[in-house]
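So the structure is just underneath, and the comments pick up after that.
Throughout, read-outs are computed from the coordinates displayed, never taken from laboratory work. Since we're looking at a predicted model, the values are computed, not measured. A quick note on method: Cβ atoms are made from the backbone with ideal geometry, for glycine too, and the neighbour counts reach across all protein chains shown.
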Amino acid sequence: MKTIVCFGDSNSYGTPPMPHPDFWGRFGPDERWPGVMRRAVGADITAIEEALPGRTTVHDDPIEGADRNGLKALPMVLGSHRPIDLLIINLGTNDLKARFSVTADDIAASVGVLVRFTQASQAGPNSSAPKVLVVAPAIILETSFFREYFQGGAEKSRGFARAFGAMATRLGVPLLDAASLITSDPLDGIHLDPSQHAILGQALAEKVRTILT
């Protein structure tokens, strides 16, 4: 049995497109991309969802809280679920918030910090390092009430494929460019509808089969 940990934000947690700021919801386990991926890969894996809405790569969020910092959470995640065969990192969208004032290259470099931390860990089988798969997030749309939060973020997100690709090559890890496959829902410009979760989950299943065989 192989263990995959899906380390992400609200688009891994399964937050539906939000019609207003006070909306809360979550797609079911079989609708979220980790569940789609798990079913597509088969019964020989367990896929653990470690996803938190608002999670950043390496930043304490001054409004939503320091617990959103992915780098602070990662040691606990690796320790809690070891031995981990594969860590899938699907982060970067929340770093696009205007309050962080970072570029696409900065965000890719921040994901690289998470990759290097994992590669230096002993959280894999026989105290080795887990394998890592990086997802470059979908392009966002500056629509709805999120427009002010993510001002300028749409243009930055269009640089994810290039920036994440260069980082992944440097660190020797595989990459899935989600923007080449899926689109953010125009209702809020950030989240994915079930059809996009299904596409992403199937694409990741194909990657996972290659990585873990």
So how many Lys-Lys pairs in the chain land under 17 Å Cα to Cα, not counting same-chain pairs under 8 apart? 4
Label-point separation, D105 to S128 (7 Å along Cα→Cβ), nm: 3.5 nm
Highest to lowest packing among 109-115, 13-19, scored as the average C-beta count within 10 Å: 109-115, 13-19
To check you understand DSSP bridge types, tell me what percent of the beta bridges within the chain (both residues inside) are antiparallel, rounded to 5. 5 percent
How many angstrom separate the Cα center of region 1-79 from the Cα center of region 151-172? 20 Å
Take Q202 and R170, extend 7 Å from each Cα along the Cα→Cβ direction, and tell me the distance between the two endpoints in nm. 3.5 nm
Ranking request for peptides 76-83, 48-55: highest mean number of other beta-carbon atoms within 10 Å first, then the rest in descending order. 48-55, 76-83
Residue-averaged 222 nm ellipticity for the chain, from DSSP H runs of 4+ at -39500 (n - 2.57), nearest 500: -11000 deg cm²/dmol
Using 0.36 nm per residue, how much length does the chain from R82 to T46 gain when fully extended, once their Cα-Cα distance is taken away? 11.7 nm
Cα long-axis angle, helix 104-119 against the chain (0 to 90 degrees, to the nearest 10): 20 degrees
Where the only charges are on Cβ atoms (+1 Lys, Arg; -1 Asp, Glu), what is the dipole of the chain about its Cα centre, to the nearest 20 debye? 680 debye
At 0.36 nm per residue, minus the direct Cα-Cα distance, what do R116 and S195 gain on full extension? Give it in nm, one decimal, please. 25.2 nm
At R0 = 35 Å the Cβ-Cβ FRET efficiency linking K72 and H20, nearest 0.05, sits at 0.70
Quick query: amide H of N69 versus all other amide H atoms, modeled in the peptide plane; which residues come in under 5 Å with a sequence gap of 5 or more or a different chain? T56, D61
